[in-house]
Amino acid sequence: MDIWNPWHGCRKISAGCANCYMYRRDAEFGKDSSVVTKTASFRLPVQKRRDGSYKLQETGYVYTCMTSDFFIEEADEWRREAWEFIRIRPDLRFYIITKRIGRFEVSLPDDWGDGYENVTVCSTCENQKEADERLPVMLGLPIRHREVIHEPMLEGVDIRRYLATGKIGGVICGGESGPDARICDYGWILDSAKQCREHHVPFRFKQTGAHFRKDGRLYNIPRSLQAVQARKAGIDTNG
């Protein structure tokens, strides 16, 4: 797994953004997280070593724009070049998580067609409202690989009718971390896993979050154990 952050900075647009980890981290250095700027890593996918080989080699997914949103307005002019880097590197698999799926087609490359084979687009749906607004949009777009992530999961979310289309390749669920984390309920996670089993869609429980409720009891889980406890639940499936 690698991370490529071509730009940094974002603006909060929905409930899931309230306790954004990037805002929390930037605040420690007195940095304004709402200012969107290119990073020194902008050209990372096409940077080469002295011997001519690429610095970034295939090791799994390249998680793209994790300290911003790939489709944020401020990056519209930069995005065409970023897409070109992605096109040049078909050996890499780029994973793009977004809350702005409605802006997907802005600055889309001319040769996109029905999508690049090496790109997975994942829409964040932290609650039912966002699922019902974002998923119909995503399902209508020319994307080869689509996934859904409920993180931070703020309530139970029913996406059965979207899974039934056969166009969603995976679902991820996870709680919220940080000092102001909101509660994640295990019942919501189990229901999402059940929905995925019903429609033969891969499911992953990523992390519990800091405040995790199970069978009515609230657990405060250290950051280092949140992913560990999720794995121990043993509810991930391959569809």
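Residues of region 198-239 that are polar (S, T, N, Q), open to solvent by less than 70 Å² (accessible area, probe 1.4 Å) and within 22 Å of residue 158 (Cα to Cα): 207, 208, 237.
Scanning region 45-55 for residues that are assigned to a loop (DSSP other than H, G, I, E, B) and either open to solvent by 70 Å² or more (accessible area, probe 1.4 Å) or at positive phi (or both) yields a count of 5.
Looking at 58, 105, 84, which is the one that is outside any loop (DSSP other than H, G, I, E, B) and either open to solvent by 20 Å² or more (accessible area, probe 1.4 Å) or farther than 30 Å from residue 157 by Cβ (or both)? Result: 84 is the single residue among 58, 105, 84 that is outside any loop (DSSP other than H, G, I, E, B) and either open to solvent by 20 Å² or more (accessible area, probe 1.4 Å) or farther than 30 Å from residue 157 by Cβ (or both).
Of the residues making up region 4-22, those that are open to solvent by 60 Å² or more (accessible area, probe 1.4 Å) and touching a helix residue (DSSP H, G or I) at 6+ places or on another chain (Cβ under 9 Å) number 2.
Condition first: among the aromatic types (Phe, Trp, Tyr), touching a strand residue (DSSP E or B) at 6+ places or on another chain (Cβ under 8 Å) and open to solvent by 50 Å² or more (accessible area, probe 1.4 Å). Can you find one or more residues in region 182-197 that meet it?
Going through region 182-197, the residues among the aromatic types (Phe, Trp, Tyr) turn out to be 186, 188.
Retained after the next criterion (residues that are touching a strand residue (DSSP E or B) at 6+ places or on another chain (Cβ under 8 Å)): 186, 188.
Narrowing further to those that are open to solvent by 50 Å² or more (accessible area, probe 1.4 Å): 188.
Within region 182-197, one or more residues are among the aromatic types (Phe, Trp, Tyr), touching a strand residue (DSSP E or B) at 6+ places or on another chain (Cβ under 8 Å) and open to solvent by 50 Å² or more (accessible area, probe 1.4 Å).
Residues in region 1-35 that are touching a Lys or Arg at 6+ places or on another chain (Cβ under 8 Å) and part of a loop (DSSP other than H, G, I, E, B): 6, 13, 14, 18, 19, 20, 34. One residue stands out among those in region 23-44 that are buried (at least 17 other Cβ atoms within 10 Å of the Cβ) and out of contact with any Pro (no Cβ under 9 Å at 6 or more places or on another chain): the one that is nearest to residue 182 (Cα to Cα), which is 23. A residue that is under 20 Å from the mean Cα position of the chain (by Cα), farther than 20 Å from residue 130 by Cα, open to solvent by less than 60 Å² (accessible area, probe 1.4 Å) and of a type outside the set (Phe, Trp, Tyr) cannot be found anywhere in region 153-175. The condition (being over 28 Å from residue 22 (Cα atoms) and in contact (Cβ under 8 Å) with a residue 60 or more places away in the chain) is satisfied by just one residue among 216, 178, 239: 239. Being open to solvent by less than 20 Å² (accessible area, probe 1.4 Å) and of a type in the set (A, V, I, L, M, F, W, C) is the filter here, so list the residues in region 87-102 that pass it. If the condition is that a residue be open to solvent by less than 20 Å² (accessible area, probe 1.4 Å) and of a type in the set (A, V, I, L, M, F, W, C), then 92, 94, 96, 101 are the ones that fit.
The values are calculated or read from the model by the stated rules, or taken from the named source; none is laboratory data. Note that this is a predicted model, so its numbers are computed, not measured. Please note: Cβ atoms are built from the backbone with ideal geometry, for glycine as well, and neighbour counts cover all protein chains shown. The area values use the complete protein model at the heavy-atom level, side chains included, leaving out ligands, DNA and RNA. Shrake-Rupley method; radii C 1.70, N 1.55, O 1.52, S 1.80 Å.
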